[in-house]
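Here's the structure we're looking at; comments come further down.
The values are calculated or read from the model by the stated rules, or taken from the named source; none is laboratory data. The structure presented is a predicted model; accordingly, all values stated were derived computationally and were not measured. Ideal geometry is used to build each Cβ from the backbone, glycine not excepted, and the neighbour counts take in all protein chains shown. These accessible areas exclude ligands, DNA and RNA; they are computed on the full protein's heavy atoms, side chains included. Shrake-Rupley method; radii C 1.70, N 1.55, O 1.52, S 1.80 Å.
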Amino acid sequence: MLESNLVLQGRYRIVEPLGRGGMGAVYRAIDETFGSTVAIKQTLCEGADLEKAFQREARLLNGLRHGALPVVIDYFSEARGQFLVMQYIPGDDFGALLDRSGEPFAPERVLRWADQLLDALQYLHEHDPQIIHRDIKPRNLKLTPRGEVVLLDFGLSKSTPVESQAAGTSVS
């Protein structure tokens, strides 16, 4: 885990950890150039294949523009690993919301959230190349304070060129 106040790339000051998974950790940080809050994803695994997957994720996300997807600002590698700098999305993930709820969500809310998520998925599937997320789960969906759903964590996503779709193969 990275320490609070650690500055990466002479620019991003770590504030606190937001989460940790099998392949990485995510931190809230301050972009000292702009004074804005960002999310920084650190990959914890090493190796040429994982480096390529990380770079693919960064490039993939950088080209996407949809209200239900985070914007990638930067990516870099240094001694402490590989890092992806993204728009910070405030709010709780659906896993935390489910843990706290204790009862089912109102159907009207669920339908509104589903519409937002489906719009994002349609955007990804119509993208050229097509993008398939492959890891949609409550912890990868965030609900902002404004009630908007944001789809996170594209580490397992695949892009599929149009020619390969007919053959049923995918390429990373």
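Which FRET efficiency, nearest 0.05, do residue 56 and residue 101 yield, Cβ-Cβ r, R0 35 Å?
Efficiency computed from Cβ-Cβ geometry: 0.50.
Roughly how big is region 1-134's charge dipole about its Cα centre, with Cβ charges of +1 (Lys, Arg) and -1 (Asp, Glu), in debye to the nearest 20? Intermediate results must be reported in sequence, preceding the final value.
On the way: 14 positive and 19 negative charges, 31 e Å.
Once rounded to the nearest 20, the dipole reads 160 debye.
Divide, for the chain, the radius of gyration over alpha carbons by 2.2 N^0.38 Å, where N is the residue count. Display every interim value, and only then the final one.
Details: Rg = 16.8 Å, N = 172, 2.2 N^0.38 = 15.6 Å.
The chain yields a ratio of 1.08.
When only the heavy atoms of the protein chains count and the probe is 1.4 Å, how do 14, 30, 136 rank by accessible area, highest first?
Details: 14 0, 30 35, 136 80 Å².
The ordering from most to least exposed comes out as 136, 30, 14.
Please check the chain for the longest run free of chymotrypsin sites (Phe, Trp or Tyr not before Pro) that are loop-located per DSSP (anything but H, G, I, E, B) and have at most 14 other Cβ atoms within 10 Å. All intermediate terms of the calculation are to be shown ahead of the outcome.
Values: sites that count: 34, 105.
Between the exposed loop sites, the longest stretch runs 35-104.
For a Förster distance of 30 Å, can you work out the FRET efficiency between the beta-carbons of residue 46 and residue 6, rounded to the nearest 0.05? Mind showing how you got there, number by number?
On the way: r = 20 Å, r/R0 = 0.65.
So the FRET efficiency works out to roughly 0.95.
Say the dipole of the chain comes from +1 at the beta carbon of Lys and Arg and -1 at that of Asp and Glu; which of 151, 94, 33 then lies farthest toward its positive end?
33
Work from the charge dipole of region 1-154 (Cβ charges, +1 for Lys and Arg, -1 for Asp and Glu, about the Cα centre) and give the residue of 131, 68, 84 farthest towards its positive end.
The Cα lying farthest towards the positive end belongs to 84.
Measure out, as a whole number of angstrom, how far apart the alpha-carbon centroids of region 103-158 and region 19-50 sit.
21 Å
Give the range of the longest stretch in the chain that excludes all GluC sites (Glu not before Pro) found in loop regions by DSSP and having at most 13 other beta-carbon atoms within 10 Å. All intermediate terms of the calculation are to be shown ahead of the outcome.
Numbers: sites that count: 3, 32, 46.
Answer from the scan: 47-172.
Going by amide H atoms built from the backbone, whose H comes under 5 Å of the H on residue 75, apart from near neighbours?
Under 5 Å from the amide H of residue 75 lie the amide H atoms of 85, each far enough along the sequence or on another chain.
For region 54-133, what relative contact order do you get, as a whole percent, if you take Cα pairs closer than 8 Å and at least 6 residues apart? Mind showing how you got there, number by number?
Working: 51 pairs, mean separation 17.5, N = 80.
For region 54-133, the relative contact order is 22 percent.
Tell me, what % of the accessible area of region 1-90 is carbon and sulfur with a 1.4 angstrom probe? Mind showing how you got there, number by number?
Working: 2290 of 4610 Å².
Carbon-and-sulfur percentage of accessible area, whole number: 50.
Only Cα pairs under 8 Å and at least 6 apart count here; give the relative contact order of region 18-162 as a rounded whole percent.
Taking the mean separation of contacting Cα pairs over the length of region 18-162, I get 21 percent.
Ignoring ligands, DNA and RNA, what accessible area per residue does the chain give at 1.4 Å, in Å²?
Working: 9620 Å² over 172 residues.
That works out to 56 Å² per residue.
Could you pull out the trypsin sites (Lys or Arg not before Pro) across region 18-114 that fall in loop regions by DSSP (anything but H, G, I, E, B) with no more than 13 other Cβ atoms inside 10 Å?
Working: sites: 20, 28, 41, 52, 56, 59, 65, 80, 100, 109, 112; in loops: 65, 80.
In loop regions of region 18-114 (DSSP not H, G, I, E or B), the sparsely surrounded trypsin sites (Lys or Arg not before Pro) are 65, 80.
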